[in-house]
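I have placed the structure first, in the form of structure tokens, so that the comments after it can refer back to it.
Coordinate-derived values only; no laboratory data. Since the model is a prediction, treat every value here as computed from it, not as a measurement. Cβ placement follows ideal geometry from the backbone for every residue including glycine, while neighbour counts extend to all protein chains displayed.
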Amino acid sequence: MISFNDVSTKCFDSLSFKLPEGEVCKVLARSDYDVRVFIDTLLFLSKPLSGEVLLFDENMASLTEYEQINRFKRVGMVWGSGGLVSNLKVRGNVFLPLAYHKGERPENAEERVEALFLKMGFERESLAEYMGKLPGTLPLHEKKLIGLIRAMLSEPELVIYESLFDGLGLRQANELLNITSEFHSREKMRTSIYISSDEDALSRVKATVSLKQMGKEFLIWD
């Protein structure tokens with residue numbers, strides 16, 4: 001699924017690791033800046049100084065821009081802030097990637113969206129009103145939930161959770177962990193990566209591959 005072969009960036013040196021499909025990985029970085037560099041390198045949004053990045057077992061450097069974009073369609077990205085567009089209402093934010101990457105009309109996914117919101121504790125009676133809100137007025141926990149729903153809609157093969165639990169209370173963090181763990185287990189070959197600079201936030205994640213940044217190196221995290 002994913003391989004870093006002797007990859008170096010301005011934040012880390014000579015990183016080599018493999019993550020097979022179907023696995024759960026957690027990555028503890030030194031800072032939020034290092035978190036973003038790791039994600040950008042993984043998705044080849046920023047080219048490494050040296051080394052090879054393989055995503056879906058293909059060397060990203062050897063692919064055309066069109067081919068790279070097609071790989072991104074198989075990825076669900078959940079940003080720590082929710083990653084919502086501020087001038088789009090909740091409804092527009094939820095359906096945007098589905099329409100852009102999958103070409104699916106919003107009305108065809110209405111029932112799936114409603115089911116996801118209800119599963120995450122939203123009330124059916126107030127859901128229509130909620131979907132008409134702008135995200136800037138919403139608390140961080142709800143922004144993360146909306147970002148999660150948006151990613152889950154496309155049934156991605158790879159899901160990346162950036163700082164998912166940061167800034168949340170224990171109950172809210174556990175709620176998101178339960179949701180993402182269940183989503184991971186629904187598809188045998190789905191791969192999940194949790195990355196954060198907060199060690200306590202990641203400590204509750206049960207992963208098969210764990211990396212911890214020490215200086216400019218990543219070490220196995222027990």
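Details
- Of the three principal axes defined by the Cα atoms of the chain, the extents in descending order read 53, 40, 33 Å.
- Rg in Å to one decimal, and Dmax rounded to a whole Å, for the range 132-196 via C-alpha atoms: 12.2, 37
- Listed residue pairs exceeding 30 Å between alpha carbons, taken from 133/188; 143/212; 47/212; 89/188; 188/216; 18/119: 133/188; 89/188; 188/216; 18/119
- Each of the peptides 1-10, 68-77 was scored by the mean count of other Cβ atoms within 10 Å over its residues; in descending order, highest first, they stand as 1-10, 68-77.
- For the chain, the Cβ-based charge dipole about the Cα centre amounts to some 260 debye (Lys, Arg positive; Asp, Glu negative; other atoms uncharged).
- Folded to 0 to 90 degrees: helix 140-153 orientation relative to the chain principal axis, Cα: 80
- Viscosity 1.567 mPa s, 4 °C: Kirkwood-radius Stokes-Einstein D of the range 172-222 over Cα pairs, µm²/s: 105
- Mean projected area (nm²) of the alpha-carbon convex hull when the range 1-115 is viewed from all directions: 8.7
- Dimensionless Rg over Rh [the range 81-155; C-alpha; Kirkwood]: 0.92
- Residues 200, 13 arranged by fewest to most Cβ contacts within 10 Å: 200, 13
- Of the beta bridges in the chain, as assigned by DSSP with both residues counted there, near 45 percent are antiparallel.
- With semi-axes defined as the square roots of five times the eigenvalues of the C-alpha gyration tensor, the equivalent ellipsoid of the range 105-222 measures 29, 17, 12 Å, largest first.
- Angle of helix 110-119 to the longest C-alpha principal axis of the chain, folded into 0 to 90 degrees and rounded to 10: 80°.
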